[in-house]
Amino acid sequence: MIFLLMGVDEIIELHERTIKPLRNALNATGIFYFTWVILGFALVVLLAIAYRKFTLSLPPKTRNRFILAASLFLLGTLGIELIGGYYAYIYGKENLIYSLWVALEEGLEMGGILVFISALLAYLRSLSDSITIHFERSLSAPTNN
């Protein structure tokens with residue numbers, strides 16, 4: 001469900017829509033120029049508490065890989081966003097350096113996702129010697145009943 005909501009957020013840019021209202025309400029500047037990170041940190045803390053038991057129940061190798069994946073993703077999502085926000089506040093967003101901060105942020109997020117997928121596949125591999133995926137295609141035409 002979390003990944004579904006994250007995907008929907010990317011599509012409809014929900015967290016971006018919170019920036020101006022929060023910035024105005026909190027008179028935020030500097031590293032909090034992109035004020036959504038305040039909500040982001042709160043959400044991370046809540047999710048860490050909610051999933052603590054699950055995370056601790058994972059096999060150590062899988063748990064460590066999940067934590068590494070989350071760390072990379074959050075370093076990009078929140079950490080670099082703080083630095084990028086500060087830079088955008090001082091110098092604006094229409095320049096090469098800001099674009100490089102954005103590229104680093106996105107790269108860390110994608111790196112975190114790749115590590116997570118790799119960890120999931122390694123975990124599945126530890127459960128079974130083989131994984132088989134079957135795709136079926138219906139040869140009959142759909143009916144309009």
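The values are calculated or read from the model by the stated rules, or taken from the named source; none is laboratory data. Owing to the predicted nature of the structure, the values given are computational and were not obtained by experimental measurement. Note that each Cβ is placed from the backbone with ideal geometry, even for glycine, and that neighbours are counted across all protein chains shown. The accessibility values were calculated without ligands, DNA or RNA, using every heavy atom of the protein model including side chains. Shrake-Rupley method; radii C 1.70, N 1.55, O 1.52, S 1.80 Å.
Have a look at 130, 57, 71 and tell me which one the Gaussian network model of the chain (Cα, springs below 10 Å) gives the largest fluctuation.
Of the options given, 130 has the highest mean-square fluctuation.
Full-extension gain between residue 62 and residue 26, please, as 0.36 nm times their residue separation minus the C-alpha to C-alpha distance.
Extending this stretch completely gives an extra 9.0 nm.
For the stretch 1-144, which whole-number percentage of the solvent-accessible area (1.4 Å probe, protein heavy atoms only) is attributable to carbon and sulfur atoms?
67 percent
Hey, got the dipole for the chain? About the Cα centre, +1 on K and R Cβ, -1 on D and E Cβ, debye to the nearest 20?
Once rounded to the nearest 20, the dipole reads 500 debye.
Restricting things to Cα coordinates, could you compute the convex hull volume per residue of the chain in Å³?
Measuring per residue, one finds 208 Å³ for the Cα hull of the chain.
For the stretch 56-145, run through the trypsin sites (Lys or Arg not before Pro) and keep only the ones in DSSP coil with at most 10 other Cβ atoms within 10 Å of their Cβ.
Here the sparse-neighbourhood loop sites are 137.
Counting only other residues whose beta carbon sits under 13 Å from that of residue 23, what net charge do I get with K and R as +1, D and E as -1?
+1
Which residue, 25, 103, 122, has the most motion in a Gaussian network model of the chain that connects Cα atoms within less than 10 Å?
Maximum among the listed residues: 25.
Which of the peptides 6-17, 80-91 is most tightly packed, and how do the rest follow, going by the mean number of other Cβ atoms within 10 Å of each residue?
80-91, 6-17
Could you work out the local net charge near residue 36, counting Lys and Arg as +1, Asp and Glu as -1, over the other residues with Cβ closer than 12 Å to its Cβ?
-1
Report the one residue of 22, 76, 41 whose Cα lies farthest in the direction of the positive end of the charge dipole of the chain (charges on C-beta: Lys and Arg +1, Asp and Glu -1; origin at the Cα centre).
Farthest towards the positive end: 41.
Give the accessible area for residue 116 in Å² (nearest 10); use a 1.4 Å probe, count only protein heavy atoms, and leave out ligands, DNA and RNA.
Number for this one is 50 Å².
Report the charge-dipole magnitude of the stretch 8-93 in Debye, nearest 20, computed about the Cα centre from +1 at each Lys and Arg Cβ and -1 at each Asp and Glu Cβ.
The dipole of the stretch 8-93 has a size of about 360 debye.
Tell me, what is the per residue accessible area of the chain in Å², probe radius 1.4 Å?
75 Å²
Whole Å is fine, so just give me how far the alpha carbon centre of the stretch 20-83 lies from that of the stretch 118-133.
When both Cα centres are located, 28 Å separates them.
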